[in-house]
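Below is one structure, written out as C-alpha coordinates, with a few remarks after it.
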Amino acid sequence: MYYPKEEQETVIIYESATKLFDIYTTVPKHIKRLTEYYTDSLGNCQLEQFLEVEKDSEGICIAIRIKASKLPYVSIFNK
(Lines give C-alpha, C1' and ligand atoms only; values in the text may rest on other atoms or scores of the structure.)
Protein backbone atom coordinates (compact mmCIF):
# COMPACT_ATOMS: atom_id res chain seq x y z
CA MET A 1 0.00 0.00 0.00
CA TYR A 2 1.29 3.46 -0.88
CA TYR A 3 2.15 6.06 1.73
CA PRO A 4 -0.84 8.13 2.88
CA LYS A 5 -1.26 11.41 0.95
CA GLU A 6 -0.13 13.38 4.00
CA GLU A 7 3.23 11.54 3.97
CA GLN A 8 3.93 11.56 0.22
CA GLU A 9 6.85 13.74 -0.87
CA THR A 10 9.42 14.28 -3.59
CA VAL A 11 12.77 15.76 -2.57
CA ILE A 12 15.51 16.81 -4.99
CA ILE A 13 18.98 17.75 -3.74
CA TYR A 14 21.91 18.82 -5.92
CA GLU A 15 25.29 17.72 -4.59
CA SER A 16 27.99 20.13 -5.80
CA ALA A 17 30.87 17.82 -4.91
CA THR A 18 29.60 14.96 -7.06
CA LYS A 19 27.60 17.06 -9.54
CA LEU A 20 24.72 14.62 -9.10
CA PHE A 21 21.07 15.08 -8.24
CA ASP A 22 19.73 13.00 -5.35
CA ILE A 23 16.02 12.40 -5.95
CA TYR A 24 13.78 10.71 -3.38
CA THR A 25 10.06 10.21 -3.85
CA THR A 26 7.11 8.42 -2.31
CA VAL A 27 4.60 9.93 -4.77
CA PRO A 28 3.27 7.06 -6.93
CA LYS A 29 3.05 9.01 -10.20
CA HIS A 30 6.57 10.42 -9.69
CA ILE A 31 7.93 6.90 -9.07
CA LYS A 32 6.36 5.72 -12.33
CA ARG A 33 7.48 8.72 -14.37
CA LEU A 34 11.03 8.77 -13.01
CA THR A 35 11.44 5.05 -13.66
CA GLU A 36 10.20 5.52 -17.23
CA TYR A 37 12.35 8.64 -17.76
CA TYR A 38 15.58 6.92 -16.71
CA THR A 39 14.95 3.74 -18.71
CA ASP A 40 15.91 3.57 -22.38
CA SER A 41 13.90 1.94 -25.17
CA LEU A 42 15.67 -1.40 -24.54
CA GLY A 43 14.63 -1.40 -20.89
CA ASN A 44 18.10 -0.55 -19.58
CA CYS A 45 18.26 1.73 -16.57
CA GLN A 46 20.25 4.91 -17.29
CA LEU A 47 20.98 5.85 -13.67
CA GLU A 48 24.42 6.40 -12.25
CA GLN A 49 23.24 4.96 -8.97
CA PHE A 50 19.95 3.48 -7.90
CA LEU A 51 20.25 3.94 -4.16
CA GLU A 52 17.01 2.72 -2.65
CA VAL A 53 13.84 0.89 -3.58
CA GLU A 54 11.15 0.34 -0.99
CA LYS A 55 8.38 -2.16 -1.72
CA ASP A 56 5.28 -3.05 0.21
CA SER A 57 4.24 -6.60 1.19
CA GLU A 58 2.67 -7.08 -2.27
CA GLY A 59 5.87 -6.11 -4.09
CA ILE A 60 4.61 -2.70 -5.21
CA CYS A 61 7.30 -0.02 -5.34
CA ILE A 62 6.29 2.66 -2.82
CA ALA A 63 9.52 4.73 -2.64
CA ILE A 64 12.68 5.24 -4.70
CA ARG A 65 15.89 7.15 -4.26
CA ILE A 66 18.19 7.71 -7.20
CA LYS A 67 21.26 9.70 -8.20
CA ALA A 68 21.45 11.13 -11.68
CA SER A 69 23.68 13.55 -13.56
CA LYS A 70 20.75 15.22 -15.28
CA LEU A 71 17.50 16.34 -13.80
CA PRO A 72 14.32 15.36 -15.61
CA TYR A 73 12.25 18.11 -17.20
CA VAL A 74 10.01 19.83 -14.67
CA SER A 75 6.75 18.73 -16.28
CA ILE A 76 7.50 15.15 -15.24
CA PHE A 77 6.41 16.22 -11.76
CA ASN A 78 3.55 18.52 -12.78
CA LYS A 79 1.39 16.49 -15.16
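The values are calculated or read from the model by the stated rules, or taken from the named source; none is laboratory data. No experiment lies behind these values; they were computed from the predicted model shown. Note that we place each Cβ from the backbone using ideal geometry, even for glycine, and neighbour counts take in every protein chain shown.
Being at pLDDT below 90, among the β-branched types (V, I, T) and not in a strand (DSSP E or B) is true for just one of T35, T18. Which residue is that? Walk me through it before giving the result.
Working: T18 fails: at pLDDT below 90.
Sole residue among the options that is at pLDDT below 90, among the β-branched types (V, I, T) and not in a strand (DSSP E or B): T35.
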>> Which count do you get for residues in the range 38-70 that are modelled with pLDDT under 90, out of contact with any Leu (no Cβ under 9 Å at 6 or more places or on another chain) and not in a strand (DSSP E or B)?
In response: 10
